[in-house]
Amino acid sequence: MSRSAISTGASAAGRSEPVDDARTAAARPEPGGVPARVVDLGDLGYREAHARQLAVLDQRKQGAGVDTLFMVEHPHVITLGRSQKALANVLAPGEVDVVAVERGGDVTYHGPGQLVAYPVVRLDDGERDLHRFLRLLETGIIDTLAEHGLRAGRSPGNTGVWIEGRKIASIGIACRRWVTFHGLALNVNTDLSYFRRINPCGFQAGIMTSMAAELGHAVDFAVVKQDLVAHLGRALGRAFAA
């Protein structure tokens, strides 16, 4: 997703910025954090995973349940955010399902080999800054990529994670009563040709990359998943456990 990556219901190309600026480093929580759970949904359809998010969202809005990080790999699907230009950026979906959702941002693609994370998190006092929340998600991804020898960063004016002008991860969230849902998609072993069916986040498809494309070989998906859970937990100040 690009510039409008947030939907509150009441209510991001170029060179990458350095891995950490002073603001983000100062805001990053210490290790440990609030007890929370991680749920690995495996390979699951988009609508089914969305329903799982909404169930936890309803609990957290009432102060019940616990913050939950859903990890999932979707079958091929194209999703439309709330950007007015999203539908126009769907070029030739073919047999791939197109689903309109309530997150911020434009159009994106999910599919096999892509690691998706949905943090359903109740933001407490001192955390209620959605732009800061996006930056923390980016930090979790950047730190994960560093574990695998990839130096990634940010792109001025654009949400997501980039490697020298190539986009490797997209982010788009929604928030209801200060509970976040939707989240991020990291291209691990993704077939990048599917992005040619859309203008991903309003950009040309050639801007997209993956860990496998950058490293020149397939990557252990399970290891990346484990690393991302750990780094998102550290960034968000949550102790995610199964």
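The values are calculated or read from the model by the stated rules, or taken from the named source; none is laboratory data. Because the structure is predicted, anything quoted here is derived from the model rather than measured. With ideal geometry, Cβ positions are generated from the backbone for all residues, glycine too; neighbour counts draw on all protein chains shown.
Looking at (1) surrounded by 14 or more Cβ atoms within 10 Å (Cβ to Cβ); (2) assigned to a loop (DSSP other than H, G, I, E, B); (3) over 16 Å from the mean Cα position of the chain (by Cα), which one does Arg60 not meet, given that it meets all the others?
(2)
On the given criteria, is Leu87 surrounded by fewer than 21 Cβ atoms within 10 Å (Cβ to Cβ) and in contact with a helix residue (DSSP H, G or I) (Cβ under 9 Å, 6 or more places away or on another chain)?
No; evaluated as a whole, the condition is false for this residue.
Assess whether Arg135 counts as being in contact with a strand residue (DSSP E or B) (Cβ under 9 Å, 6 or more places away or on another chain), farther than 22 Å from Leu41 by Cβ and of a type in the set (Lys, Arg).
Details: in contact with a strand residue (DSSP E or B) (Cβ under 9 Å, 6 or more places away or on another chain): yes; farther than 22 Å from Leu41 by Cβ: yes; of a type in the set (Lys, Arg): yes.
For Arg135, the condition - in contact with a strand residue (DSSP E or B) (Cβ under 9 Å, 6 or more places away or on another chain), farther than 22 Å from Leu41 by Cβ and of a type in the set (Lys, Arg) - is met.
Could we say that Phe203 is of a type in the set (Phe, Trp, Tyr) and closer than 23 Å to Leu57 by Cβ here?
Spelling it out, it is not the case that Phe203 is of a type in the set (Phe, Trp, Tyr) and closer than 23 Å to Leu57 by Cβ.
State all residues of region 119-151 that are surrounded by fewer than 24 Cβ atoms within 10 Å (Cβ to Cβ) and not in a helix (DSSP H, G or I); if no residue qualifies, say none.
Arg122, Leu123, Asp124, Asp125, Gly126, Glu127, Arg128, Asp129, His148, Gly149, Leu150, Arg151
Is there a residue being surrounded by fewer than 19 Cβ atoms within 10 Å (Cβ to Cβ) and part of a loop (DSSP other than H, G, I, E, B) anywhere in region 223-234?
Scanning region 223-234 turns up no residue that is surrounded by fewer than 19 Cβ atoms within 10 Å (Cβ to Cβ) and part of a loop (DSSP other than H, G, I, E, B).
Can you name the number of the only condition in (1) part of a helix (DSSP H, G or I); (2) small (Gly, Ala, Ser); (3) surrounded by fewer than 16 Cβ atoms within 10 Å (Cβ to Cβ) that Ala218 fails?
Single failed check for Ala218: (1).
What pairs come out if I take residues in region 125-153 that are at pLDDT 95 or above and pair them with residues that are aromatic (Phe, Trp, Tyr) whose C-beta lies under 8 Å away, six or more apart or interchain?
Filtered contacts from region 125-153: Glu127/Phe133; Arg128/Trp178; Ala152/Trp162; Gly153/Trp162.
Going by what's in this entry, would Ser170 be described as under 11 Å from the mean Cα position of the chain (by Cα) and closer than 17 Å to Thr209 by Cα?
Yes.
Within region 155-166, count every residue that is modelled with pLDDT of 95 or more, crowded, with 24+ Cβ neighbours inside 10 Å and in contact with a helix residue (DSSP H, G or I) (Cβ under 8 Å, 6 or more places away or on another chain).
Of the residues in region 155-166, 2 are modelled with pLDDT of 95 or more, crowded, with 24+ Cβ neighbours inside 10 Å and in contact with a helix residue (DSSP H, G or I) (Cβ under 8 Å, 6 or more places away or on another chain).
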